[in-house]
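Engineer: Right, I'll just put the structure down here and ask away after.
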Amino acid sequence: MAADQAFVTLATNDSYARGAMVLGKSLRNHNTTKKLVVLIGPQVSEPCKGVLQRIYDEVRMVDVLDSGDTAHLAMMKRPDLGVTFTKLHCWTLTHFSKCVFMDADTLVLSNIDELFERKELSAAPDPGWPDCFNSGVFVFCPSMETYGKLLQYCTEHGSFDGGDQGILNGFFGDWATADISKHLPFVYNLSSIAIYTYLPAFKQYGGNAKVVHFLGKTKPWNYTFDPKAKRISGSMTEATSHPTFLMDWWTLYSSAVVPLMY
Ligand code: UDP
Ligand code: MN
């Protein structure tokens, strides 16, 4: 049932919180029947928290440093993995039986509730190394047991890329070969970078995109937008953002999120 299923995202600061606001609105606009949960860090300001509370069903503060639990201990051994430990916290949401994690820099373009038919751990290939999954969108089942094992894996093996994607690909190491049903179609996590690396494929299949992922250093909120002229400015030199998707993000931000701030 929908009540025990949720979309989950994470924002440790106000910049990523803006991403989470747009993501939440995009899920609502496409009439999801699932709960919406955002994990936030202590740095998120009160006004941003207020906006998130108007979009999300649950705004949950995660302070790994403050928690005094196994995550805190793991964090003391691996201080380099700060945000990663916060992301792994999503496995503690055991009042849900199944969840879909989505990075705060993703944007939903159609209803994707069918993802809940998938098993843990389902994800789409990473455009840079397709035998690894990209951890920007994944299906998982909250469980304290899995959470404990993940933290243990972190302290023992670390992360080969310094982030959550390295940990999760190590832990769910048979993803590439074990069960094809756990491979989400690429359209559920279309990173803008892939548009430029394989443009003919984008032209052929890009119209079916369900989720865009603004992966990389420059995020939509790093640009500036003139809502009257509907123009985006900022250096577009990095091939990280497709202009149409970037415009979709900003249009939603200015029409549906900004009004909640006042
Ligand atoms: N994140 C966050 N604060 C940070 C960095 C990351 O809350 O300072 C969260 C946020 O949900 C973000 C996700 O972790 O979408 C993964 O980071 P990012 O999207 O920047 O990585 P990329 O997808 O570009 O590899
Ligand atoms: Mn991301």
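Engineer: Consider Cys132 against the criteria (1) modelled with pLDDT of 95 or more; (2) open to solvent by 30 Å² or more (accessible area, probe 1.4 Å): it satisfies all of them except one. Which criterion is unmet?
Structural biologist: (2)
Engineer: From the list Leu115, Leu109, Leu151, which one is within 17 Å of Leu81 (Cα to Cα) and away from ligand 1 (no atom under 16 Å from the Cβ)? Don't jump to the end; show me each part of the working.
Structural biologist: Values: Leu115 fails: within 17 Å of Leu81 (Cα to Cα); Leu109 fails: within 17 Å of Leu81 (Cα to Cα).
Being within 17 Å of Leu81 (Cα to Cα) and away from ligand 1 (no atom under 16 Å from the Cβ) holds for just one of Leu115, Leu109, Leu151, which is Leu151.
Engineer: Further question on the same structure: Going through Asp69, Asp113, Asp57 one at a time, which residue ends up being more than 16 Å from ligand 2 (Cβ to nearest atom), among the acidic types (Asp, Glu), more than 25 Å from Lys25 (Cα to Cα) and open to solvent by 10 Å² or more (accessible area, probe 1.4 Å)? Full working, then the answer.
Structural biologist: Numbers: Asp113 fails: more than 25 Å from Lys25 (Cα to Cα); Asp57 fails: more than 25 Å from Lys25 (Cα to Cα).
Exactly one of Asp69, Asp113, Asp57 is more than 16 Å from ligand 2 (Cβ to nearest atom), among the acidic types (Asp, Glu), more than 25 Å from Lys25 (Cα to Cα) and open to solvent by 10 Å² or more (accessible area, probe 1.4 Å), namely Asp69.
Engineer: Which of the helices (runs of 4 or more DSSP H) contained wholly in the stretch 167-240 include at least 3 residues that are open to solvent by 40 Å² or more (accessible area, probe 1.4 Å) and within 16 Å of ligand 1 (Cβ to nearest atom)? Steps first, answer last, please.
Structural biologist: On the way: elements: 175-178, 192-197, 199-205.
Because the criterion is at least 3 residues that are open to solvent by 40 Å² or more (accessible area, probe 1.4 Å) and within 16 Å of ligand 1 (Cβ to nearest atom), the helices (runs of 4 or more DSSP H) in the stretch 167-240 that meet it are 192-197.
Engineer: Taking the stretch 74-108, which residues are part of a loop (DSSP other than H, G, I, E, B) and open to solvent by 50 Å² or more (accessible area, probe 1.4 Å)?
Structural biologist: In the first step, residues of the stretch 74-108 are kept if they are part of a loop (DSSP other than H, G, I, E, B); the result is 78, 93-97, 103-105.
Correct list: Arg78, Thr94, His95, Ser97.
Engineer: Next question. Since Val258 meets every condition but one in (1) hydrophobic (A, V, I, L, M, F, W, C); (2) more than 16 Å from ligand 2 (Cβ to nearest atom); (3) under 19 Å from Pro127 (Cα atoms); (4) open to solvent by less than 50 Å² (accessible area, probe 1.4 Å), which condition does it not meet?
Structural biologist: (3)
Engineer: Going residue by residue through the stretch 68-76, is there one that turns out to be closer than 18 Å to Val212 by Cα and small (Gly, Ala, Ser)?
Structural biologist: Step one: of the stretch 68-76, the residues closer than 18 Å to Val212 by Cα are none.
So far as the stretch 68-76 goes, no, none of its residues is closer than 18 Å to Val212 by Cα and small (Gly, Ala, Ser).
Engineer: For the stretch 151-166, which positions are touching a residue at least 12 places away in the same chain (Cβ under 8 Å), in a loop (DSSP other than H, G, I, E, B) and open to solvent by 40 Å² or more (accessible area, probe 1.4 Å)?
Structural biologist: Matches in the stretch 151-166: Gly162 only.
Engineer: For the stretch 1-17, give me each residue that is open to solvent by 10 Å² or more (accessible area, probe 1.4 Å), within 11 Å of ligand 1 (Cβ to nearest atom) and touching a helix residue (DSSP H, G or I) at 6+ places or on another chain (Cβ under 8 Å).
Structural biologist: Leu10, Thr12, Asp14, Ser15
The values are calculated or read from the model by the stated rules, or taken from the named source; none is laboratory data. If you're wondering where the values come from, they're calculated on a predicted model, not measured in any experiment. Cβ sites come from the backbone with ideal geometry, for glycine too, and all protein chains shown count toward neighbours. Each accessible area value is taken on the protein alone, full model and side chains, heavy atoms only, with ligands, DNA and RNA left out. Shrake-Rupley method; radii C 1.70, N 1.55, O 1.52, S 1.80 Å.
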